[in-house]
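Data first, discussion second: the structure below is written as structure tokens.
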């Protein structure tokens, strides 16, 4: 799936390529130890994805944390020992991969923890370039998500052992003139062996639309698995406006009152088995708020919040072997740091 080759020197900071040329030209190739760390509490991710970078490195030994491990601030997450010519031009790529994957896995893990036992779906594909989807899918699994929305993400998630997951877009409803029930029925006929989830906020009356969809599918012999609520944060759902006193910020978008209103309306319509998925601006903090208030959500779909922030890693040469003896050679403030949590593997 990946449309670029991370081994290619085009993806390496030019000064590392020039450094390798300088070392080769000088015939200088001492054995060194690189140390990798970052500054935040995080969920380690990307180690399995960078292992292929070291396959052709001669006589290299690597110790690292494993994917899914908790990383403490300033903790050494990797020690890479080998001939400097083999390692000097790899830094950009392995740091970039673990930085991206660790950021995504950390964000997903926070959401999963906040959601407690409710499943979290990973839906950020539209917020970044397609090339990152493979890595993001892998990171989503390490973080604890139960599925992703694209084939490329699922390739990273579990080698496409299961298909991508999703509901339906507003575009399909618009193409049917804004008739959500008819659009969902068309979706059901086209995908008879899949769970059918309907997006019910198009007319800004989620509960009413959910019941309409449920009845139309039931009449046609289909089962509605669930509905997704994706109301804009600028809107108050019509049913919520009618049922609750308007005028408070808490009634906008996908709020607890909206979920409870939809749940109650579905139950009254004998659609107790229909599940509710929420999406649209959900963060770990918002998920935790919903859970603390006992909001009847069955599935959380998260997107933008999972790729925000940064988890930059730094890699330094901290030791050099000269005349058969190891010598500390680190930049001031970045000396070698032992870590008995690291697991050793070789290239």
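Observations on the model:
- Qualifying residue in segment 149-169 (condition: closer than 30 Å to residue 219 by Cα and crowded, with 24+ Cβ neighbours inside 10 Å): yes
- Positions within segment 269-299 being surrounded by fewer than 18 Cβ atoms within 10 Å (Cβ to Cβ) and either under 21 Å from the mean Cα position of the chain (by Cα) or not assigned by TED's automatic domain parsing to the domain that holds residue 232 (or both), in sequence order: 281, 283, 285, 288, 289, 291, 298
- Residue 28 meets the conditions (1) assigned to a strand (DSSP E or B); (2) exposed (fewer than 15 other Cβ atoms within 10 Å of the Cβ) in every case but one. The failed one is (1).
- The residue list 95, 121 contains one member that is assigned by TED's automatic domain parsing to the domain that holds residue 36 and either surrounded by fewer than 22 Cβ atoms within 10 Å (Cβ to Cβ) or within 18 Å of residue 278 (Cβ to Cβ) (or both), which is 95.
- Of all residues in segment 266-301, those being assigned to a loop (DSSP other than H, G, I, E, B), within 23 Å of residue 235 (Cβ to Cβ), out of contact with any helix residue (DSSP H, G or I) (no Cβ under 7 Å at 6 or more places or on another chain) and without any contact (Cβ under 8 Å) to a residue 60 or more places away in the chain number 2.
- Of all residues in segment 43-65 being assigned to a loop (DSSP other than H, G, I, E, B) and either in contact with a strand residue (DSSP E or B) (Cβ under 6 Å, 6 or more places away or on another chain) or at pLDDT below 95 (or both), the one that is surrounded by the most Cβ atoms within 10 Å (Cβ to Cβ): 44
So that you can scan it fast, the table gives a plain yes or no per residue for (1) part of a strand (DSSP E or B); (2) over 30 Å from residue 295 (Cα atoms):
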site	(1), (2)
37	yes, yes
40	no, yes
97	no, yes
106	no, no
121	yes, no
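Matching residues to (1) in a loop (DSSP other than H, G, I, E, B); (2) touching a residue at least 40 places away in the same chain (Cβ under 8 Å); (3) within 22 Å of residue 132 (Cα to Cα):
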residue: 15; (1), (2), (3): no, no, no
residue: 24; (1), (2), (3): no, yes, no
residue: 68; (1), (2), (3): yes, yes, yes
residue: 79; (1), (2), (3): no, yes, no
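- Residue in segment 136-146 that is within 17 Å of residue 277 (Cα to Cα), over 10 Å from the mean Cα position of the chain (by Cα) and assigned to a loop (DSSP other than H, G, I, E, B) present: yes
- Leading residue by the ranking (nearest to the chain's Cα centre (by Cα)) among those in segment 197-221 that are more than 19 Å from residue 259 (Cα to Cα) and surrounded by 19 or more Cβ atoms within 10 Å (Cβ to Cβ): 217
The values are calculated or read from the model by the stated rules, or taken from the named source; none is laboratory data. The model shown is predicted, which means the values in this text are computed figures rather than measured ones. Ideal geometry is used to build each Cβ from the backbone, glycine not excepted, and the neighbour counts take in all protein chains shown.
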